[in-house]
1. Please determine, by comparing only the residues of segment 120-156 that are over 16 Å from the mean Cα position of the chain (by Cα) and part of a loop (DSSP other than H, G, I, E, B), which one is farthest from ARG68 (Cα to Cα).
2. Looking at segment 9-119, what helices (runs of 4 or more DSSP H) fall wholly within it and have at least 2 residues that are at pLDDT 90 or above?
3. Can you name every residue in segment 82-106 that is free of Cβ contacts under 8 Å to residues at least 12 places away in the same chain and surrounded by 14 or more Cβ atoms within 10 Å (Cβ to Cβ)?
Amino acid sequence: MKSMRHMSCWPWRYAYATGDKTNRSCDSSRQSFYETRWHRQSGRSFGVRRPLRYLAHHLDLNESQTRRMASVLNTLKTEREQAELDEKRTVTALASLLEEGTPTLAEAREVLKARVDSADQLKEETAKALVAISDFLDQDQREEFINLLLTGSVSL
């Protein structure tokens with residue numbers, strides 16, 4: 001009879017269900033499929049899965065502040081998605097430039113200009129977001145937000 005310790009360990013159940021009979025122990029040093037799936041998000045989130053809910057809870061935001069925070073976070077999310085799209089377009093343009101033959105320095109700079117413009121736009125939106133957030137937070141909330149930024153719990 002197997003011990004109950006092994007039966008309650010979900011990585012073991014996943015390994016058993018997929019036919020991996022070699023790893024029946026709860027080895028915490030080895031990440032399972034479910035743990036690594038969320039870590040493949042490439043750091044584009046705000047440090048948490050639900051940033052608005054997380055910030056509303058930790059900063060004790062009222063309804064008006066929560067609406068304003070949602071607007072700021074939505075703008076940042078949109079701008080980051082646009083920057084990611086611009087990055088993909090730049091990579092595609094670089095590949096097609098190489099495919100056409102030997103590119104000149106001026107052609108490469110022209111293709112990479114979109115990446116720089118996108119980074120500048122993201123920088124501006126992040127600066128605007130920081131000013132907007134500091135505008136509607138009171139002093140205690142601002143100190144807690146600073147603490148969240150410094151500890152890495154939230155990133156802008």
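1. ASP138
2. Output list reads 51-59, 63-100.
3. Once the filter is applied, which keeps residues that are free of Cβ contacts under 8 Å to residues at least 12 places away in the same chain and surrounded by 14 or more Cβ atoms within 10 Å (Cβ to Cβ), segment 82-106 yields only PRO103.
The values are calculated or read from the model by the stated rules, or taken from the named source; none is laboratory data. Computed from a predicted structure; not experimentally measured. Ideal geometry is used to build each Cβ from the backbone, glycine not excepted, and the neighbour counts take in all protein chains shown.
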